[in-house]
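Asks: Pasting a structure below so you can have a look.
Nothing in this text is a laboratory measurement; each read-out follows from the coordinates by a stated rule. Only a predicted model underlies this, so the values are computations on that prediction, with no experimental measurement involved. Note that each Cβ is placed from the backbone with ideal geometry, even for glycine, and that neighbours are counted across all protein chains shown.
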Amino acid sequence: MVADQVDTVNVDTTRDRLVAAGVDIVDESGHLEVGIRAVAARAGVSHGAPRRYFPTLESLLAAIAATGVADLDAVLRPATRRGIGDAAVEYWRFAQRRPGMFALIFRHDLLDGAGADLRATTGPWFHAITAAAGDADRALTCWAAVHGLCVLAATRVPDAVGVVVDEAAVRRVAERLSR
């Protein structure tokens, strides 16, 4: 019995180390740099170890993304309760601080069916925005605009056209579109 308990602890620890290593890679270089061998090397385990926990690269990416979703959720939920402008600013800050993770967590095309139900979290975000905006169409317009600003800023498009996109601009857009 004790041996089983110790084994379970090692399994959880190894899995957690693999996910943490993947999170580090995504935050440093983006999700395209995540590979089974790269994560194993970063975690300090054999190159075959990840396959015991993640049968596919997509399932590993889903576990990594789930960590990012939880991190965004931790700042987005309280901000949404304060107001749609605050929520937009926290969303923006996350995208600016962690662009690789921001890109990964919205890759539903890549992550669907990979073992993490990311929509279980993004659905409540949308419902909270809808409640704040008072209407699903306004909420969708607001989210699309804020998300678009985050993506455009990540690719430096505003710089190329001489437009400043910062927290104040994101707040203004969100508040105007949510009325």
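Asks: Check every DSSP H run in the chain and write down those whose alpha carbon atoms cover 18 angstrom or more along the long axis and whose mean Kyte-Doolittle hydropathy is 0.5 or greater.
Replies: Long hydrophobic helices here: 57-82, 136-154.
Asks: Please give the calculated 222 nm ellipticity per residue for the chain, where each DSSP H segment of at least 4 residues contributes -39500 (n - 2.57) and the sum is spread over every residue; nearest 500 deg cm²/dmol?
Replies: -25000 deg cm²/dmol
Asks: Convex hull over the alpha-carbon atoms of region 86-171: what's its volume per residue in Å³?
Replies: Spelled out: Cα convex hull of region 86-171, divided by residues, is 103 Å³.
Asks: Ranked highest first by average number of other Cβ atoms within 10 Å, how do 80-88, 52-60 line up?
Replies: Answer by packing, highest mean first, reads 80-88, 52-60.
Asks: While we're on this one: Please order L177, L149 by the number of other Cβ within 10 Å, starting at the fewest.
Replies: With the sparsest Cβ surroundings first, the list reads L177, L149.
Asks: Within the set of other residues whose C-beta is less than 12 Å from the C-beta of A145, count the net charge using Lys and Arg as +1 and Asp and Glu as -1.
Replies: Charge balance in the 12 Å sphere: +3.
Asks: Also, quick follow-up: Counting Lys +1, Arg +1, Asp -1, Glu -1, what net charge surrounds L177 among other residues with beta carbon under 14 Å of its beta carbon?
Replies: On the way: positive: R138, R171, R172, R176, R179; negative: D135, D137, E175.
Around L177, the charge tally is +2.
Asks: Now for a separate question. Highest mean first, what order results for 41-47, 158-164 on Cβ atoms within 10 Å?
Replies: Highest mean packing first, the order is 41-47, 158-164.
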